[in-house]
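Participant: Before I ask anything, here is the structure I am working with.
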Amino acid sequence: MNTMLYLIRHAESPYVAGKELERGLSPKGQRDAERAKVILHNRVIDCFYSSPYARAVLTITPLAQERMRKIQLINDLRERTIGDIADTGFYEAKRLVYQDFTFSFPHGESSERAQKRGIQVVEQLLTQHKGKSVAIGIHGDIMTLMLHYFDPHYDFDFWQSTSMPDIYKAEFSGLQLVKVTREWNEYS
């Protein structure tokens, strides 16, 4: 029996400098979190994990509450710290860290390093919950890096194409990625 990871990228969150951990959801983000619950309503989900960042937790909270499940926080699911990008624009900085997986800006985290911590979590969850379905509140960058580990077509362009929120069902046989399906539908 395969294991399903529902990677639920957080909904819209207003940017507040220096408040990465505490940033909540915008009103649109709150509505989208409810829509994510509706989209996944008929899916079997055995357990819930999340990045400790409020926006990731709040995006999966309606779904977890509907199932009367606790959300377990895992620090290594946090978003990658891009670092001090100085005069480099945000999207150009992201492109650079995807272009060279070992590169990082000062006080930032390379793609290689972020991917390694993300994959350790994936492997732990796949082993611990073999044959089950797991919902994960996550961020776009770390989600992309985790998927990239299994399939290099998940890259900067994929990251740019994702929405807030977004939902990807990753199906695994053991530790092997079998298939990824986009579950988010903006019109649901």
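The values are calculated or read from the model by the stated rules, or taken from the named source; none is laboratory data. For clarity, every value in this text was computed on a predicted model and none was experimentally measured. Every residue, glycine among them, receives a Cβ derived from its backbone with ideal geometry; neighbour counts consider all protein chains shown. Heavy atoms of the whole protein, side chains included, go into the accessibility calculation; ligands, DNA and RNA do not. Shrake-Rupley method; radii C 1.70, N 1.55, O 1.52, S 1.80 Å.
Participant: What does the net charge come to around GLU109 if you take all other residues with beta carbon closer than 15 Å to its beta carbon, with K and R at +1 and D and E at -1? The partial results should precede the final answer.
Facilitator: Numbers: positive: ARG78, ARG80, LYS94, ARG113, LYS116, ARG117; negative: GLU20, ASP76, GLU79, ASP84, ASP100, GLU112, ASP141.
Surrounding charge for GLU109 is -1.
Participant: Towards the positive end of the charge dipole of the stretch 57-119, with charges on Cβ (+1 Lys, Arg; -1 Asp, Glu), say which of TYR98, ALA114, VAL57 has the farthest Cα.
Facilitator: With unit charges placed on the Cβ atoms, the residue in question is VAL57.
Participant: Tally Lys/Arg at +1 and Asp/Glu at -1 over every other residue whose Cβ is under 14 Å from the Cβ of GLU171; what's the total? All intermediate terms of the calculation are to be shown ahead of the outcome.
Facilitator: Working: positive: ARG43, LYS130, LYS132, LYS169, LYS179, ARG182; negative: ASP151, GLU183.
Overall, the nearby charge balance is +4.
Participant: As a check on your grasp of the helix formula, calculate [θ] at 222 nm for the chain: sum -39500 (n - 2.57) over DSSP H runs of n ≥ 4, divide by the residue count, round to the nearest 500. Mind dumping the intermediate values first?
Facilitator: Values: 6 runs with 71 residues, N = 188.
My calculation for the chain gives -11500 deg cm²/dmol from helical runs alone.
Participant: Roughly how many Å is it from the Cα centre of the stretch 145-188 to that of the stretch 46-111, as a whole number?
Facilitator: So the two Cα centres are separated by 15 Å.
Participant: Give me the percent of accessible area attributable to carbon and sulfur for the chain, probe 1.4 angstrom.
Facilitator: Values: 4710 of 9370 Å².
The nonpolar share, carbon plus sulfur, comes to 50 percent.
Participant: Rolling a 1.4 angstrom probe over the protein chains, ignoring ligands and nucleic acids, what is the accessible area of ARG182 in square angstrom, nearest 10?
Facilitator: 110
Participant: I need the chymotrypsin sites (Phe, Trp or Tyr not before Pro) found in the stretch 99-188, filtered to DSSP loop residues with at most 16 other beta carbons within 10 Å of theirs. Don't jump to the answer; show the numbers that get you there.
Facilitator: Numbers: sites: PHE101, PHE103, TYR149, PHE150, TYR154, PHE156, PHE158, TRP159, TYR168, PHE172, TRP184, TYR187; in loops: PHE101, PHE103, TYR154, TRP184, TYR187.
Passing sites in the stretch 99-188 are PHE101, PHE103, TYR187.
Participant: Next question, about the same structure. In whole Hz and in residue order, list the ³J(HN,Hα) couplings for the stretch 141-148 that follow from phi through the Karplus curve 6.51 cos²θ - 1.76 cosθ + 1.60, θ = phi - 60°; x for Gly and Pro.
Facilitator: 5, 5, 4, 4, 5, 5, 5, 4
Participant: Mind listing the phi-derived Karplus ³J(HN,Hα) values for the stretch 107-124, rounded to whole Hz, using 6.51, -1.76 and 1.60 with θ = phi - 60°, and x for any glycine or proline?
Facilitator: Once rounded to whole Hz, the list reads 6, x, 10, 5, 4, 4, 5, 5, 4, 4, 5, x, 5, 4, 5, 4, 4, 5.
Participant: Dipole size in debye (nearest 20) for the chain around its Cα centre, Lys and Arg Cβ +1, Asp and Glu Cβ -1? Don't jump to the answer; show the numbers that get you there.
Facilitator: Values: 24 positive and 24 negative charges, 160 e Å.
Computed about the Cα centre, the dipole is about 760 debye.
Participant: What are the ³J(HN,Hα) couplings of the stretch 46-60, residue after residue, when phi is run through the Karplus curve with 6.51, -1.76, 1.60 and θ = phi - 60°? Round to Hz, x for glycine and proline.
Facilitator: 8, 7, 10, 10, 7, 4, x, 5, 3, 5, 6, 4, 5, 5, 9
Participant: Only loop residues by DSSP count here, and only those with at most 13 other Cβ atoms within 10 Å; note down the chymotrypsin sites (Phe, Trp or Tyr not before Pro) in the stretch 1-70 that meet that. Present the calculation step by step, with values, prior to reporting the outcome.
Facilitator: Numbers: sites: TYR6, TYR15, PHE48, TYR49, TYR53; in loops: TYR15, TYR53.
In loop regions of the stretch 1-70 (DSSP not H, G, I, E or B), the sparsely surrounded chymotrypsin sites (Phe, Trp or Tyr not before Pro) are TYR15.
Participant: Counting alpha carbon pairs within less than 8 Å and at least 6 residues apart, what relative contact order, in whole percent, applies to the chain? Intermediate values should be presented prior to the final figure.
Facilitator: On the way: 371 pairs, mean separation 63.1, N = 188.
Relative CO of the chain lands at 34 percent.
Participant: Accessible area of SER163, 1.4 Å probe, to the nearest 10 Å²?
Facilitator: 20
Participant: Let me ask you something else. Could you state the accessible area per residue of the chain in Å², with a 1.4 Å probe and every protein chain left in place?
Facilitator: Heavy-atom accessible area per residue stands at 50 Å².
Participant: Another one. Can you tell me which of SER111, SER161, SER13 moves the most in a GNM of the chain? Springs connect C-alpha atoms under 10 Å apart.
Facilitator: Most flexible of the set in this elastic network: SER161.
Participant: Considering only the other residues whose Cβ falls under 13 Å of the Cβ of GLN65, what net charge follows from Lys and Arg at +1 and Asp and Glu at -1?
Facilitator: Working: positive: LYS37, ARG67, ARG69, LYS70; negative: GLU34, GLU66.
Once positives and negatives cancel, what remains is +2.
Participant: Note down the accessible area of THR59, probe 1.4 Å, to the nearest 10 Å².
Facilitator: Approximately 0 Å² of THR59 is accessible to the 1.4 Å probe.
Participant: Sticking with this structure for a sec: Within the chain, what percent of beta bridges assigned by DSSP are antiparallel, to the nearest 5?
Facilitator: Values: 13 of 26 bridges.
Just about 50 percent of them are antiparallel.
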